[in-house]
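Here's the structure, in C-alpha cells; my notes come after.
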Amino acid sequence: MYLALLVIFLQCSEICTQKRVFTFNAVHIEVQPSAKVENGAPMSIICHADISKSTDFNLQHNITIFKDGKLVFMSVSGKGDARYEVPMARSSHTGDYQCAVEAGGKIKHSDSLHVWVTGMTKPILIAEKKEVFEGEVVKLRCELPEEVPPLYFVFQKMKVNSTPKQKLQEELYRNFSVVEFPVDEGDDILQFDCFGKRRVRFEFETSLTSNKTLITVKEPFIKPTLHIKPSSNITEGKEIRFECSTVVAKMRDIEIILLRNKTILSSVRDQTTLKYSAVATLEDSGEYLCKVEEGKASKTTTHNVVVTELFPKPILTASMNELDEHKELTLSCSIKDFQNASFSILRKHSSRDILLRNSRNLTMRASVNDTGSYICKAEVNRIVKESKPVTIRVYAPVSMPSISVFSGLPEVVLGRPLNLTCCLMMGTPPITFTFYKGNKNKKKIVTNNTCAAFLDKDIRQNDKGQYKCGAKNHHSSGMKTSKVLNITVIVPIRNTSLGSVPYGVVEDGRETTFLCSVEEGSWPIHFRIFRKMDRDILLFERSEHADRVVWQKKEMSRQDTGTYYCIASNRANVSAKSHPITINVILASWQKGVITAFVLIPIAGVMILAVWWFWCKKKNAKGPSMEMSRSALATNSTSEKLSRQHNDGDYYSGSGYIEDGENHMKSTDENKDSVENRHSRIQGRPDAT
C-alpha cells in the first residue's frame, strides 16, 4: 500500500513540475520620455521581462538596474516589470544603463542603453572680498551644485574696454574650484563670472554662466611724478637734477626707484620722494623711469632727456702703427675745431691705465716692450672724454731659425708622418714661417709663439729628405732661412723568411746552416733565431748591415729536433716574423751499422744454436738400436779400464788435471779420433738403423 502511495506522489509531483515550466524570451530596458533628457526634467528607467510559461502560475522576479556597472535600483515582485523613477534628472544621471531579471534560478540581462541628461546646473560664484588694493589678489570660488566630477571650471576677469582674461581649472574629485586673479595697475572696477564643462563621450557640454560679481579696486599710492631740472637745453658739464614723488594711502614697504635705460641710478624705501643729481654727459641722454612699488603693485612714469655735446671725443694718431725697435714713435692727441682742453696720453693696462704724459704730443724711441694700446683724454669743465685706442706694434728682427725633428732623431719611418719644428731664438710675433721640402713650400703664421710645427704626411722611400724653414715678421730685415736638414727614411722590415741546409732532415752530429733573410728593410737589421718550446728559446742574434744573416750550428743532436723561426727588426720598431720550419735529427750511418751489428749478431747466434739443437735431437733419435746390441761389450771393456786405472794410480783431478793440459788435449784429440772412427763404423754398418 505504501509503495502505491509513493508512486502516486511521484507522478503528481512530476505533473506539477511539468505545469511550472518557464523561459526568458528577452529582457528590455527603456527610458521615458526619451534617452535624451533635459536637466531638471523627470525621467523613468523601465525594465521589462518577456517570459513564456507552461501554465499560469506565480513567479517571483528579482529585478536590478545598473548605471555604468553600479547598482542604482532593485525590486522584488511577482510582475515582470520594474520602474526606476528620477524626479529631477541631472547631468550625473548621464550614463549606460542595463537591467537584469532573476527568477526560478534563471537570470537574463538586457542590452545596454545610453541615457544623456543634457544641460548642467547653473554655477554659483562667490568672491572672498568686495574691495581690494592694486597688487593684491581676488580669490574666487565657483561651484556646480548637484554635478558629479570630473568637471572643468572656466573663470573670467572682465574690465571696461578690455578683453576678458580666462583661467581653466580641472577638478577630478570635487564639484567646485578656487582660483586667484592678480589686481594690476590701472584696474578700477572688475567683474567676474564662471561656467562649467563636462565631457560626455566624445564632446563637451557647457553650463550656463554664473552670477556676475563686482570687485572695487583701490589705489595704495598714486602714479608718481618725475621733475627734471633744467627741463631743456641741457649741455655737457652742467648739473642735472631729478625728483620723483608719489602720494600713498598707507606707508607700508613703499620703494621708489630711478632708472636710465633700465640701469638703476638711485632708490629710496619708505619715503615718498627721491632726489638725484649728476654732471651731465652725452651718456646721460636717454629714457628715465621713475617706479613706485609696494608688494605686487607698481606704477611708473617716464621722461626722455637729451644732453647736448660740449666738445667731441679726442682723436689719437700715431706716426706709424708698426715699426722696428729703436725707431722713433710720435703720438698726437687733438679735438676737431676745439683747442681749449687739457690733454693726457696713457697706455692701457688690464688693471688700470698708465699715464705717460699730460700733453697733446708724445715722442719716444720705441722698444719691443712698448707694444700695446694707447689712448688720450681731454677735459673741459669737468667733462673728460676718451679717444678710441690705438694699437702700436714694435718688432724685433727674427733670428736665424733652426729646424729639427720633433722626436729628436733626423729620421722617419716610411708610411708614418714626419713632425718638424722651426724655432727662433728671438723675433716679435706674428711670425710667418715657411717650410720647404725640395721645391715645395707651405706657410704658417704664428701669433703668440716663436716656434711653428709642420706635419709631412707624404713620406716616400726615394725622398732625399732635404728640409729647411724660413721665418719673417713685420721687421724691415726680411726673411731668414735655416740650414738644410737631411732626413733618413727608414723602410720597415717586410717578408722575413728562414731556411736551413740541409733542410728538413739532418743526421745526428752533422752541421746545419740557418739562413734568415728579409725582402725589404733599412739597415742595420737585427736578426734573432728561436726554437719553439713551451717558452721559446733564443738561439742566435746579430745585427747586420745586410738583408740576411747566416748561423751555423756545428753538431746537431736528437734533442735539436723541433720547430724554428726567426724575427727581424730595425729602427722602424716593427718586427717581422718568418714562417716556422721543422727540422728532424736522425741517426748517423755509423750509428745505424753499430745498431745493426748489435742486433743481427745475436740473432745469427740464436739461429745457429737452434740448428745445432735440432741436429743433435735428430742424431739422438737414430742411435739407441746400435747401442743396445753392443751394450755388453762396452760394459766389460769399461770395467776393465776402470779397474786398471785405479790399480795403476793414473787418475787425476783438480790442479793436476790443469797441469797435464797438454796430455789432456792430446787424450781428448785421441778420444775424438776414436769417436769419429766409431761413428764411421756405425754409419758403415747396414743394420745401423
(message) Suppose we filter the stretch 486-507 for residues that are touching a Gly at 6+ places or on another chain (Cβ under 8 Å) and more than 15 Å from residue 518 (Cα to Cα); how many remain?
(response) 4
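Determine if the stretch 435-455 includes at least one residue that is open to solvent by less than 70 Å² (accessible area, probe 1.4 Å), of a type in the set (Lys, Arg) and in contact (Cβ under 8 Å) with a residue 12 or more places away in the chain.
Filtering the stretch 435-455 for residues open to solvent by less than 70 Å² (accessible area, probe 1.4 Å) gives 435-438, 446, 450-454.
Remaining after also requiring of a type in the set (Lys, Arg): 437.
Filter again for in contact (Cβ under 8 Å) with a residue 12 or more places away in the chain, leaving 437.
Yes, the stretch 435-455 contains a residue that is open to solvent by less than 70 Å² (accessible area, probe 1.4 Å), of a type in the set (Lys, Arg) and in contact (Cβ under 8 Å) with a residue 12 or more places away in the chain.
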(message) Condition first: open to solvent by less than 20 Å² (accessible area, probe 1.4 Å) and either within 39 Å of the chain's Cα centre (by Cα) or under 30 Å from residue 314 (Cβ atoms) (or both). Now tell me which residues in the stretch 391-420 satisfy that.
(response) 392, 394, 395, 405, 412, 413, 418, 420
(request) Can you confirm whether the stretch 289-303 contains a residue that is at pLDDT 90 or above, among the β-branched types (Val, Ile, Thr) and open to solvent by 50 Å² or more (accessible area, probe 1.4 Å)? (result) yes
(request) Mind listing whichever residues of the stretch 155-191 are at pLDDT 85 or above, farther than 24 Å from residue 294 by Cβ and either in a loop (DSSP other than H, G, I, E, B) or touching a helix residue (DSSP H, G or I) at 6+ places or on another chain (Cβ under 8 Å) (or both)? (result) 163, 164, 172, 173, 174, 175
(request) Return the total of residues in the stretch 313-329 being surrounded by 16 or more Cβ atoms within 10 Å (Cβ to Cβ), in contact with a Lys or Arg (Cβ under 7 Å, 6 or more places away or on another chain) and among the acidic types (Asp, Glu). (result) 0
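When the stretch 54-73 is examined, which residues are found to be in a strand (DSSP E or B) and surrounded by 13 or more Cβ atoms within 10 Å (Cβ to Cβ)?
Our first condition is that a residue be in a strand (DSSP E or B); within the stretch 54-73, this holds for 61-67, 70-73.
Across the stretch 54-73, the qualifying residues are 61, 62, 63, 64, 65, 66, 67, 72, 73.
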(message) Where the second residue is assigned to a strand (DSSP E or B) and open to solvent by 70 Å² or more (accessible area, probe 1.4 Å) and the first is under 16 Å from residue 522 (Cα atoms) and lies in the stretch 484-498, which pairs have Cβ atoms under 7 Å and are six or more apart or on separate chains?
(response) 494/519; 495/519; 496/577
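Every residue, every condition in (1) within 30 Å of residue 155 (Cβ to Cβ); (2) free of Cβ contacts under 8 Å to residues at least 40 places away in the same chain, yes or no:
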position: 210; (1), (2): yes, no
position: 213; (1), (2): yes, no
position: 271; (1), (2): no, yes
position: 278; (1), (2): no, yes
position: 298; (1), (2): yes, no
position: 306; (1), (2): no, no
(request) Run down 241, 199 and say which single residue is modelled with pLDDT under 90, of a type outside the set (S, T, N, Q), part of a strand (DSSP E or B) and out of contact with any helix residue (DSSP H, G or I) (no Cβ under 9 Å at 6 or more places or on another chain). (result) 199
(request) Name the single residue, out of those in the stretch 488-504 being of a type in the set (A, V, I, L, M) and part of a strand (DSSP E or B), that is surrounded by the most Cβ atoms within 10 Å (Cβ to Cβ). (result) 490
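Let's see how each residue does on (1) hydroxyl-bearing (Ser, Thr, Tyr); (2) free of Cβ contacts under 8 Å to residues at least 24 places away in the same chain; (3) open to solvent by 80 Å² or more (accessible area, probe 1.4 Å); (4) touching a strand residue (DSSP E or B) at 6+ places or on another chain (Cβ under 8 Å):
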site	(1), (2), (3), (4)
125	no, no, no, yes
130	no, no, yes, yes
146	no, no, yes, no
150	no, no, no, yes
156	no, no, no, yes
162	yes, yes, no, no
168	no, yes, yes, yes
(request) Could you figure out which of (1) assigned to a strand (DSSP E or B); (2) open to solvent by 70 Å² or more (accessible area, probe 1.4 Å); (3) touching a Lys or Arg at 6+ places or on another chain (Cβ under 7 Å); (4) closer than 30 Å to residue 93 by Cβ isn't true of residue 205? (result) (2)
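Among the residues of the stretch 369-386, are any among the hydroxyl-bearing types (Ser, Thr, Tyr) and touching a Cys at 6+ places or on another chain (Cβ under 9 Å)?
Keep residues of the stretch 369-386 that are among the hydroxyl-bearing types (Ser, Thr, Tyr), which gives 371, 373-374.
From what's left, touching a Cys at 6+ places or on another chain (Cβ under 9 Å): none.
Looking for residues that are among the hydroxyl-bearing types (Ser, Thr, Tyr) and touching a Cys at 6+ places or on another chain (Cβ under 9 Å), one finds none in the stretch 369-386, hence no.
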(request) Output yes when any residue across the stretch 275-285 is in contact with a Cys (Cβ under 9 Å, 6 or more places away or on another chain) and over 26 Å from residue 357 (Cα atoms), and no when none is. (result) yes
(request) Report whether or not residue 439 is under 39 Å from the mean Cα position of the chain (by Cα) and farther than 30 Å from residue 568 by Cα. (result) no
(message) Give me the residue from the stretch 442-479 that is hydroxyl-bearing (Ser, Thr, Tyr) and over 23 Å from residue 572 (Cβ atoms) and, out of that set, nearest to the chain's Cα centre (by Cα).
(response) 447
(request) Considering only the stretch 76-98, state which residues are more than 23 Å from residue 21 (Cα to Cα) and open to solvent by less than 50 Å² (accessible area, probe 1.4 Å). (result) 84, 86, 89, 90, 91, 92, 93, 94, 95, 97
(message) at pLDDT 90 or above, surrounded by 15 or more Cβ atoms within 10 Å (Cβ to Cβ) and polar (S, T, N, Q): which single residue out of 522, 517, 543 fits that description?
(response) 517
(message) Can you find, within the stretch 117-176, the residue that is nearest to residue 41 (Cα to Cα) among those that are among the aliphatic types (A, V, I, L, M) and under 55 Å from the mean Cα position of the chain (by Cα)?
(response) 148
(message) Every residue in the stretch 546-555 that is charged (D, E, K, R), over 16 Å from residue 578 (Cα atoms) and modelled with pLDDT of 90 or more, please.
(response) none
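Just for the stretch 330-349: of the residues that are assigned to a loop (DSSP other than H, G, I, E, B) and surrounded by 13 or more Cβ atoms within 10 Å (Cβ to Cβ), which one is modelled with the highest pLDDT? Lay out the reasoning, then the answer.
First pass over the stretch 330-349, keeping only residues assigned to a loop (DSSP other than H, G, I, E, B): 336-337, 339-341, 348-349.
Next, only the ones that are surrounded by 13 or more Cβ atoms within 10 Å (Cβ to Cβ) stay: 341, 348.
Values: 341: 87, 348: 91.
Restricting to residues being assigned to a loop (DSSP other than H, G, I, E, B) and surrounded by 13 or more Cβ atoms within 10 Å (Cβ to Cβ), the top hit is 348.
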(message) Filter the stretch 228-238 down to the residues that are part of a strand (DSSP E or B), at pLDDT below 90 and open to solvent by 20 Å² or more (accessible area, probe 1.4 Å) and list them by number.
(response) 235
(request) Give the stretch 456-487 a look and list any residue that's farther than 15 Å from residue 424 by Cα, open to solvent by 60 Å² or more (accessible area, probe 1.4 Å) and in a strand (DSSP E or B), or say none. (result) 466, 486
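State all residues of the stretch 170-191 that are of a type in the set (Phe, Trp, Tyr) and under 15 Å from residue 216 (Cβ atoms); if no residue qualifies, say none. Show your work before the answer.
Filtering the stretch 170-191 down to residues of a type in the set (Phe, Trp, Tyr) leaves 173, 176, 181.
181, the sole residue that qualifies.
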(request) For the stretch 362-383, enumerate the residues that are surrounded by 14 or more Cβ atoms within 10 Å (Cβ to Cβ), without any contact (Cβ under 8 Å) to a residue 60 or more places away in the chain and either of a type in the set (Ser, Thr, Tyr) or assigned to a strand (DSSP E or B) (or both). (result) 362, 371, 372, 373, 374, 375, 379
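Return yes or no: is residue 419 free of Cβ contacts under 8 Å to residues at least 12 places away in the same chain and closer than 30 Å to residue 572 by Cβ? Step through it out loud before you land on a result.
Numbers: free of Cβ contacts under 8 Å to residues at least 12 places away in the same chain: no; closer than 30 Å to residue 572 by Cβ: yes.
It is false that residue 419 is free of Cβ contacts under 8 Å to residues at least 12 places away in the same chain and closer than 30 Å to residue 572 by Cβ.
The values are calculated or read from the model by the stated rules, or taken from the named source; none is laboratory data. Everything numeric here is computed off the predicted structure, so don't read it as measured data. Cβ atoms come from the backbone with ideal geometry, glycine included; neighbour counts cover every protein chain shown. The protein model used for the area step is the full one, side chains on, heavy atoms only, and it has no ligands, DNA or RNA in it. Shrake-Rupley method; radii C 1.70, N 1.55, O 1.52, S 1.80 Å.
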